[in-house]
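The values are calculated or read from the model by the stated rules, or taken from the named source; none is laboratory data. Treat the numbers as computed from the prediction; the structure is a model and nothing was measured. Don't worry about glycine lacking a Cβ; one is built from the backbone with ideal geometry, like all the others, and counts go over all protein chains shown. Only protein heavy atoms, including side chains, enter the accessible area calculation; ligands, DNA and RNA are left aside. Shrake-Rupley method; radii C 1.70, N 1.55, O 1.52, S 1.80 Å.
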Amino acid sequence: MATTNNSAAQAGTATKKRGQFKETWRRLKKNRMAMIGLTVVVFLVLISIFADVLFDYDTVVIKQNTQIRLQGPSAEHWLGTDEFGRDILARLVHGSRVSLSVGVVAVSISLVLGGSLGAAAGFYGGTIDNVIMRFMDILLAVPSLLLSITIVSALGPSIINLMLAIAISSLPGYARIVRASVLTVKDQEFVEAAKCIGANNFEIILSHIIPNCMAPIIVQVSLKVASAILSTSGLSFLGLGVKAPTPEWGAMLSGGRAYLRNAPHLTIFPGIAIIITILSLNLLGDGLRDALDPKLKK
Amino acid sequence: MSRYILKRLVMLIPVLIGVTFMVYFILSLSPGDTAAIIAGEGADAQTIEAVRKDLGLDKPVIVQYGKYMWNLLHGDMGVSYSTKRPVFTTIMSSFPNTAKLAFWSILVAIAIALPIGIISATRQYSAVDNVGMVAALLGVATPNFWLGLMLIIVFSLNLGILPSGGMSGWKSYIMPAITLGTGDAALICRMTRSSMLEVIRQDYIRTARAKGVPEKTVIRKHALKNALIPVVTVIGLQFGSLLGGATLTETVFAWPGVGRLVVDSIKSKDAPMVLGCIVMLTITFSVINLIVDLLYAYIDPRIKAQYKKK
Amino acid sequence: MAENKKDLILDIKDLVIHYETDDGTVEAVNGLDIQLEYGKTLGLVGETGSGKTTTALSILRLVPDPPGVIKNGSITLDGKDILNLPQKDLESIRGNLVSMIFQDPMTSLNPVLTVGEQIAEVIGLHENISEKEAADKAGQMLEVVGIPKERYGEYPHQFSGGMKQRVVIAMALACNPKLLIADEPTTALDVTIQAQVLETMKELREKFGSAMIMITHDLGIIAEVCDEVSVVYAGQIVEHGTLEDVFERTLHPYTEGLFGSLPNIEERRHRLQPIPGLMPDPTDLPKGCCFAPRCKYCTEACTKARPEMKWVSDTHYVRCSRYDEPGFKIERSVQ
């Protein structure tokens with residue numbers, strides 16, 4: 001990883017950067033699995049953006065209609081109806097909004113926060129490094145799902161708190177990656193050179209060091225969005241996620257538990273939605289890793 | 001070596017202090033009046049005040065924390081708010097259940113993952129490899145609580161051959177262990193494959209072949225021992241997190257373990273119990289990590305040499 | 001011509017090896033011939049990427065496949081047809097009849113096995129003796145290469161580069177092979193250590209009576225240890241002869257170029273004369289003589305057809321079309 005970063009760093013100029021991006025894209029395109037992943041991810045994003053166009057929230061997604069409860073798949077309700085007679089497909093489509101937004105926001109928070117902490121730790125070293133990294137050790141020492149559970153339960157279940165909880169429990173990962181990248185880049189000559197021409201620390205971190213950690217971070221992000229979505233569904237499953245009647249995959253799954261025997265589709269379909277999402281994100285993440293660091297693949 | 005172990009154990013102390021402080025602080029943010037919850041529904045203001053005073057809940061958080069730590073140092077984890085039983089004994093009665101489940105799960109995971117990972121690597125792009133890797137991808141993507149529910153649908157509700165929950169006899173282990181094991185198997189399998197592929201390309205493997213070592217021995221003796229080094233880490237970490245966080249699976253199968261205890265205690269705002277569980281699980285998690293590092297040294301003489309120097 | 005089959009430990013004929021990758025076919029070895037008598041030492045000299053290592057690996061059938069494919073040719077080792085030997089027989093030959101010393105001692109020893117174990121392993125595999133005896137013999141082999149046998153139980157990371165290469169040598173010689181292939185055995189070592197290791201190899205080879213192929217780009221090493229020399233360029237031997245033939249009566253322009261690239265302490269007034277240009281792209285070799293684009297004697301005809309092997313004496317041949325012209329001489333032979 002380090003050598004890729006270094007060579008990318010030495011390339012430095014804008015044109016070379018674009019060249020690297022193009023090259024990565026070219027390699028990614030050749031990877032069939034990654035392209036399938038990317039297609040599905042794009043599809044899911046589009047669905048969640050246009051969810052309201054597909055199914056109206058107030059009249060379809062949350063409106064109860066007990067006469068048609070627990071129906072199996074039919075022409076009218078492709079994936080059947082749930083315990084309150086709501087269309088499962090409509091709820092899954094709207095649920096993708098929750099899952100994707102929690103995934104993206106949680107990862108963004110922890111990326112920015114963890115990344116800055118890691119960058120500061122790596123760049124300044126000494127006491128700052130020690131304090132930050134010991135704090136990260138503390139976060140790491142608690143199993144992450146347990147930490148999220150504790151945080152959500154203390155702050156009260158809501159989407160925002162869910163995002164925060166997941167973000168906090170995945171801080172150490174980003175901090176470590178960025179710190180490691182900073183340490184490998186820090187003592188290289190182009191950083192020395194930047195110092196010599198009078199760039200301040202903040203500028204150096206922003207313009208020289210951060211671009212050099214991009215490759216591992218991009219990979220980590222795509223994989224972490226997946227695990228954030230998994231955590232979200234897990235927390236919702238425990239009743240610590242979004243409040244009813246907001247549709248969320250984990251909560252839907254949990255709601256179906258009471259009807260496992262007679263209406264297993266209530267549980268089966270949300271699970272499949274989760275699997276497809278995670279699978280495609282992972283395929284994309286793996287593909288990106290191979291494309292960004294071709295040495296690893298052969 | 002023993003100096004290294006001691007050093008690691010000593011380093012655990014500040015981490016534990018940090019963890020307890022952090023969790024104590026987070027829990028103190030909880031909305032709602034703890035004293036009122038403990039006093040029970042319909043208790044009058046006087047009783048609530050008495051409870052508050054009794055438990056020291058009227059003091060600042062930091063003081064409460066200090067008191068908690070002081071007691072913890074004396075081996076006292078406090079008393080559960082909801083059951084009034086000592087936290088330590090409650091945890092100790094659930095922990096073995098979690099440990100047993102974790103043991104069988106990791107065994108399932110290793111039994112599935114290692115052979116598939118090794119075969120996949122030695123016959124890259126073969127049918128076994130392709131099927132194995134697709135299965136592993138699916139395994140990583142499947143939420144284990146969902147898999148658990150699916151198993152319940154098939155084996156308990158439809159076939160009626162396995163109990164859907166609880167801990168009663170060996171049959172009740174099967175589904176939880178498979179549920180937890182397959183997810184970990186997927187991870188371990190992918191790790192084994194990539195690590196094997198990496199090792200097989202090394203020069204010393206070519207040396208071994210050039211010595212006339214039969215291919216099977218090359219894989220078993222020369223490649224595997226090197227390839228297992230990162231795999232051992234993953235197995236150890238997975239085992240650690242099984243001990244500390246089979247929360248969801250334990251909930252699905254009503255397994256009387258620590259994971260479920262945490263969830264239940266959080267729901268009933270039983271702060272001493274939550275803290276106690278997290279302290280226990282953090283200790284377990286850290287000790288497992290230490291054991292993994294030591295196992296490393298056992299497999300890799302280069303690392304052993306480093307530890308000896310320290 | 002030295003073509004008496006009975007004397008040959010190794011007979012490679014018209015060997016062609018390609019690496020077939022997504023990015024094109026690398027023509028690593030293109031019609032290479034080697035004849036080596038028992039007990040003799042052959043130097044294989046050439047630049048990095050000229051196909052020396054691939055040739056060496058093919059003798060043990062260890063060319064990585066995929067992507068390596070042996071397209072054509074035959075390899076006869078001690079009367080055995082290597083390219084058609086079943087895997088099991090190959091395994092009994094490797095490390096026993098023929099063994100190999102690799103370039104980088106840092107990576108060619110298994111880091112998790114003791115050096116003793118690694119030597120004992122090869123003995124145990126090929127000699128029908130108990131584990132204890134194999135271990136004893138491994139200890140003796142360590143002593144033979146100048147390492148106290150007390151270090152039997154130590155791991156490779158506890159040894160220096162030169163010591164590691166001695167271990168590799170001990171491993172290679174442990175079963176008294178009839179052919180030893182040394183692939184740049186000293187390139188990765190310090191100069192002072194190089195001399196020691198080379199000396200050890202030379203002594204031991206004489207002691208065990210093995211034939212040896214010494215692969216190197218260092219003409220000094222060739223002069224030191226070899227009886228015969230083959231100069232390899234782009235996967236083909238462009239000149240072959242005894243040490244004297246090649247060093248004193250150099251024929252091929254490329255060989256001349258190699259000598260021209262050597263610093264000469266006695267004639268420091270002379271400038272180094274490096275060979276201009278680079279090795280041709282092995283995925284796209286020229287149609288004619290592969291050296292033509294870099295050759296100062298190149299004519300139109302050179303770029304049209306691959307030159308044939310031309311014997312100039314019983315022991316010496318060259319692949320250069322210019323020798324079809326009577327009276328053609330390269331500068332080195334004029335001096």
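Only helices enter the 222 nm calculation for chain B: every DSSP H run of n ≥ 4 contributes -39,500 (n - 2.57), and dividing by all residues gives -24500 deg cm²/dmol, rounded to 500. In this structure C:C290 has an accessible area near 10 Å², from a 1.4 Å probe over the protein heavy atoms. When each of the peptides B:47-57, B:252-262 is scored by how many other beta carbons lie within 10 Å of its residues on average, the order from highest to lowest is B:252-262, B:47-57.
Adding -39500 (n - 2.57) for every DSSP H run of four residues or longer, then dividing by how many residues chain A holds, sets the calculated 222 nm ellipticity at -23500 deg cm²/dmol.
Per residue, segment A:184-298 exposes 41 Å² of solvent-accessible protein surface, assessed with a 1.4 angstrom probe and all protein chains in place. Scalar couplings 3J(HN,Hα) for segment B:86-100, obtained by applying the Karplus form with A = 6.51, B = -1.76, C = 1.60 to θ = phi - 60°, are x, 4, 4, 5, 5, 4, 5, 7, 8, 4, x, 5, 4, 5, 4 Hz; x denotes Gly and Pro. The C-B contact accounts for roughly 2100 square angstrom of buried accessible surface, both chains included, probe 1.4 angstrom. Per-residue surface analysis assigns C:H157 an accessible area of about 70 Å², computed on protein heavy atoms at 1.4 Å probe radius. When the solvent-accessible area of the protein assembly as shown is split by element, carbon and sulfur atoms take up 60 percent of it, the probe being 1.4 Å. Taking label positions 7 Å along the Cα-Cβ direction at both C:L278 and C:T192, the computed distance is 3.6 nm, reported to one decimal.
The residues of segment A:114-147 occluded by other protein chains by 40 Å² or more of accessible area, set against the chain on its own, are A:I138, A:A141, A:V142, A:P143, A:L145, A:L146; surface from heavy atoms, 1.4 Å probe. Amide H contacts for C:L44 (H built 1.01 Å from N in the peptide plane; partners 5 or more residues away or on another chain; cut-off under 5 Å): C:M214, C:I215, C:T216, C:S230. Please check chain C for the longest run free of trypsin sites (Lys or Arg not before Pro) that are loop-located per DSSP (anything but H, G, I, E, B) and have at most 16 other Cβ atoms within 10 Å. Of all site-free stretches, the longest is C:1-248.
For segment B:252-296, the residues whose amide N sits under 19 Å from a probe point set 7 Å from the Cα of B:L159 along the beta carbon direction are B:253. In this simple spin-label model, placing a label point 7 Å from the Cα along the Cα-to-Cβ direction at both B:D264 and B:Y298 gives a separation of 3.5 nm.
Ligands, DNA and RNA excluded, the heavy atoms of A:Y57 present near 70 Å² of accessible surface to a 1.4 Å solvent probe.
Decide, for segment B:94-309, between rounded, prolate and oblate: order the square roots of the alpha carbon gyration tensor eigenvalues as a ≥ b ≥ c, take rounded if a/c falls under 1.5, and otherwise choose prolate if a/b is larger than b/c, else oblate.
Numbers: a/c = 3.02, a/b = 1.54, b/c = 1.96.
Oblate, since a/c reaches 1.5 and b/c is not below a/b.
Protein heavy-atom accessible surface, 1.4 Å probe, per residue over chain C: 45 Å². Look at the alpha carbon pairs under 8 Å that are at least 6 residues apart: their mean separation over the length of chain C gives a relative contact order of 20 percent. Report, to the nearest 10°, how far helix B:224-245 tilts away from the longest principal axis of the Cα atoms in chain B, using its own Cα long axis and a range of 0 to 90°. Helix B:224-245 sits roughly 20 degrees off the main axis of chain B. Using θ = phi - 60° in the Karplus curve 6.51 cos²θ - 1.76 cosθ + 1.60, the 3J(HN,Hα) couplings for segment B:71-85 round to 5, 4, 4, 8, x, 10, 8, x, 10, 4, 5, 8, 9, 6, 8 Hz; x is entered for Gly and Pro. Residues whose amide H falls under 5 Å from that of C:E154, counting only those 5 or more places apart or on a different chain, are C:V115, C:G116, with hydrogens built in the peptide plane. Each stretch of four or more DSSP H residues adds -39500 (n - 2.57); spread over every residue of chain C, this sum gives -8500 deg cm²/dmol at 222 nm. Across A:Y124, C:Y19, the residue with the most accessible area heads the list, and the full order at a 1.4 Å probe is A:Y124, C:Y19.
With just the Cα atoms defining each centre, how far is segment A:190-263 from segment C:126-159? Give it in Å. The distance from the Cα centre of segment A:190-263 to that of segment C:126-159 comes to 54 Å. GNM on chain C, alpha-carbon springs under 10 angstrom: the most fluctuating residue among C:E228, C:E37, C:E203 is C:E203. Taking each residue as 0.36 nm, the span from B:Q46 to B:K171 lengthens on full extension beyond its C-alpha to C-alpha distance by 39.9 nm.
Full extension of the segment from C:N84 to C:S261, taken as 0.36 nm per residue of separation minus the current Cα-Cα distance, would add 59.6 nm.
Taking chain A as the reference, fit the longest principal axis to its C-alpha atoms, fit the long axis of helix A:14-30 to the helix C-alpha atoms, and give the angle between the two in degrees, 0 to 90, nearest 10. Rounded to the nearest ten degrees, it is 40. FRET efficiency for the pair A:C196 and A:L46, taken as 1/(1 + (r/R0)^6) with r the Cβ-Cβ distance and R0 = 51 Å, rounds to 0.55. What is the calculated FRET efficiency for B:T217 to C:D65, with r their C-beta to C-beta distance and R₀ = 22 Å, to the nearest 0.05? Plugging the Cβ-Cβ distance into 1/(1 + (r/R0)^6) gives 0.65.
Are there any residues in segment C:77-120 with a reduction of at least 20 Å² in accessible surface when going from the isolated chain to the assembly of protein chains? Probe 1.4 Å, please list them by number. Residues shielded by partner chains are C:E91, C:R94, C:F102, C:T107, C:S108, C:N110, C:P111, C:V112, C:L113. Its Cα gyration tensor gives the protein assembly as shown an equivalent ellipsoid, and the semi-axes of that ellipsoid, as √(5λ) in whole Å with the largest first, are 65, 31, 28. Amide hydrogen proximity for C:I237: with H placed 1.01 Å from N in the peptide plane, the residues at 5 or more positions away or on another chain lying under 5 Å are C:D33. Each part gets one Cα centre, and for segment B:189-219 versus segment B:127-185 those centres are 33 Å apart.
For segment C:297-307, the Karplus equation 6.51 cos²θ - 1.76 cosθ + 1.60, evaluated at θ = phi - 60°, returns couplings of 9, 4, 10, 3, 4, 4, 7, 8, 9, 5, x Hz by residue, with Gly and Pro reported as x. Once A binds B, the 1.4 Å probe can no longer reach about 3700 Å² of accessible area, counting both sides. Which of the residues in segment B:122-153 show a loss of at least 30 Å² in accessible area from their chain by itself to the complete set of protein chains, at a probe of 1.4 Å? Those residues are B:L137, B:L138, B:V140, B:A141, B:P143, B:F145, B:W146, B:L149, B:M150, B:I153.
The order of the peptides A:138-148, B:292-302 by mean Cβ neighbours within 10 Å, most packed first, is A:138-148, B:292-302.
Using the average count of surrounding beta-carbon atoms within 10 Å as a protection proxy, the listed peptides A:243-251, C:192-200 rank, highest first, as A:243-251, C:192-200. Between 0 and 90 degrees, the angle of helix C:131-144 with respect to the longest Cα principal axis of chain C falls at about 50 degrees. Starting from the Cα gyration tensor of segment C:124-274, take the square roots of the eigenvalues, sort them a ≥ b ≥ c, and report rounded, prolate or oblate (rounded when a/c is under 1.5, otherwise prolate if a/b is larger than b/c, else oblate). Note, shape of segment C:124-274 comes out prolate.
Ratio of Rg to Rh for chain A: 1.05 [Cα atoms; Kirkwood radius as inverse mean 1/r over pairs]. Considering only B:L281, B:A223, B:A135, the residue lying farthest towards the positive end of the dipole of segment B:94-309 is B:A223, judged by Cα position with unit charges set on Cβ.
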